[in-house]
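Q: First the structure, then my questions, so here it is.
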Amino acid sequence: GKALLVSLSVLFSFFTSVVLNDFNDLSIDGLNHKENPLKDDIESYGYRLAGFTFLLISLILALCAGYRMFLIVLLGNVLHFTYSSPPFRLKRFYPLSVFLLAVGALLAAIAGFAVYESARPLLAFPLKASLFIVIPLFLSLNFRDLTDFEGDMAHDVSTLFTLLGPAKGKWAAALLIFLGYLSTSLILGYLPLLFVSVPLGILSALVVLREPFREKHIFFIYFLFVAALSVLFNLKPEVLIG
């Protein structure tokens, strides 16, 4: 039903953002030796057409789920366009860039919430849940820029690492990702969660500091934490919405 429509809409929005990033970050990816399908002789017109198709499918699916859902998904796509694309390209400005990524995650959560609260999802979404999403992600997401240092420096993209340098930036990112995990327990006001958030936060910080940096290990730890949170929220939903 509506949940499937929303899930597919968010998925196709993600596909749209990937295509948009590939076009806008082509030269940066070249300097950072990152994979980009446009470097591999893929036909740019066809790839651009695929991006527009993904966007159209996403918006149609959202509209089928309701006009409020359509507005939320549209807002998410506009947010990503201003983040990634000229003339705005807000990803150049730190820490605004990280904050916008956290807000994008919040919009995705609100889209899911709107399946059950269709009347006014933006206003009805719990404040504690909003803070629980935005603050930890704002603190934690700096690690994404660690491997982009050379390209970001060359293209005047401000990040934690271009501001502090790679060495100090890694220590700062490690501290912030630990604080991100720690903040979840404090925001929820549920201190037993510290038994999970502190060890996983320390592990994530160590992954950031380790050479060579393995981004997938950060995500693996994150998904372990999400699994633990899923169990907690099923057993004690009042922790999140109380």
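Q: Here are some conditions: (1) surrounded by 14 or more Cβ atoms within 10 Å (Cβ to Cβ); (2) farther than 30 Å from P166 by Cβ; (3) acidic (D, E). E43 meets all but one. Which one does it not meet?
A: Checking E43 against (1) surrounded by 14 or more Cβ atoms within 10 Å (Cβ to Cβ); (2) farther than 30 Å from P166 by Cβ; (3) acidic (D, E), the one that fails is (1).
Q: All but one of (1) modelled with pLDDT of 95 or more; (2) farther than 30 Å from N32 by Cβ hold for V134, so report the exception by its number.
A: (2)
Q: Restricting attention to region 147-165, and to residues there that are modelled with pLDDT under 95 and within 18 Å of V207 (Cα to Cα), which single residue is farthest from the chain's Cα centre (by Cα)?
A: Out of the qualifying residues, it is F149.
Q: Of the numbered conditions (1) outside the structural domain of L206 (by TED's automatic domain parsing); (2) closer than 24 Å to S27 by Cβ; (3) buried (at least 16 other Cβ atoms within 10 Å of the Cβ); (4) in contact with a Ser or Thr (Cβ under 9 Å, 6 or more places away or on another chain), F88 fails exactly one; give the number of that condition.
A: Result: F88 passes all but (3).
Q: Would you mind listing the helices (runs of 4 or more DSSP H) fully within region 159-221 where at least 2 residues are among the β-branched types (V, I, T)?
A: Counting at least 2 such residues, we get 166-188, 194-209.
Q: Hey, among the residues in region 1-27 that are part of a helix (DSSP H, G or I) and among the charged types (D, E, K, R), which one's farthest from L63 (Cα to Cα)?
A: My answer is D22.
The values are calculated or read from the model by the stated rules, or taken from the named source; none is laboratory data. Everything quoted here is computed from the prediction, not taken from an experiment. Cβ: placed from backbone, ideal geometry, glycine included. Neighbour counts: every protein chain shown.
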